[in-house]
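The values are calculated or read from the model by the stated rules, or taken from the named source; none is laboratory data. These numbers were taken from a predicted model, which means no experiment stands behind them. Glycine also receives a Cβ, built like all others from the backbone with ideal geometry; neighbour counts cover every protein chain displayed. Quick note on the areas: whole protein, heavy atoms, side chains included, nothing else; ligands and nucleic acids left out. Shrake-Rupley method; radii C 1.70, N 1.55, O 1.52, S 1.80 Å.
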Amino acid sequence: QVQLKESGGGLVQAGGSLRLSCAVSGINVSNNFMNWYRQAPGKQRELVAAIAGGGSTNYADSVKGRFTISRDNAKNAVYLQMNALRPEDTAVYYCNAHVSITLYWGQGTQVTISS
């Protein structure tokens, strides 16, 4: 059974930082596509950052240079370091695993940035 559990969300002021964590069980983060998505109120869920099994990463244009996705294979976890946060980064952030043709989701963690 695949489970993803996010943590690390919260309320911070603009310009601040947060680090989101995703604890994963049932699959290995080292050989699957692991992603962070976010969904703001009234908006569609969007891909924020992705890390492939080989370690290559991709980012949405809106977060390039500010967010960093990483993983710890020993802990089987994925992280999203978010710096220089902006009010428009406010959203629920979801950890996602893309395994073959199946997508797995965590329950999400709220990130709120005050101006």
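If you average the C-alpha positions of the range 40-54 and of the range 68-100 separately, how far apart do those two centres end up, in angstrom?
Cα centres, the range 40-54 to the range 68-100: 9 Å.
So for each of 2-14, 76-88 I average, over its residues, the number of other beta carbons within 10 Å; can you give me the resulting order with the highest mean first?
76-88, 2-14
How much length is gained on full extension from Gln3 to Asn83, taking 0.36 nm per residue of separation minus their Cα-Cα distance?
26.1 nm
Highest first, please rank the peptides 90-96, 100-106 by the mean number of other Cβ atoms sitting within 10 Å of their residues.
Sorting 90-96, 100-106 by mean packing, highest first, produces 90-96, 100-106.
When the Karplus curve 6.51 cos²θ - 1.76 cosθ + 1.60 is applied with θ = phi - 60°, which whole-Hz ³J(HN,Hα) does each residue of the range 54-60 get, with x for Gly and Pro?
Rounded to whole hertz, the list is x, x, 5, 10, 9, 9, 5.
Counting Lys and Arg as +1 and Asp and Glu as -1, each charge on the Cβ, what is the dipole of the range 1-94 about the Cα centre in debye, to the nearest 20?
60 debye
Work out from phi, with θ = phi - 60° and the Karplus expression 6.51 cos²θ - 1.76 cosθ + 1.60, the ³J(HN,Hα) of each residue of the range 16-28, listed in order in whole Hz, and give x for Gly and Pro.
Residue by residue, the range 16-28 yields x, 10, 9, 10, 8, 10, 9, 8, 10, 9, x, 9, 9 Hz.
Roughly speaking, to the nearest percent, how much of the chain's 1.4 Å accessible area is carbon and sulfur?
C and S fraction of accessible area: 48 percent.
For Arg19, Arg45, what's the largest-to-smallest order of accessible area, 1.4 Å probe?
Arg19, Arg45
Quick check on the chain: what are the equivalent-ellipsoid semi-axes from the Cα gyration tensor, as sqrt(5λ), descending, whole Å?
23, 14, 13
Roll a 1.4 Å probe over the protein chains and send me the accessible area per residue for the chain in Å².
Accessible surface, normalised per residue, equals 52 Å².
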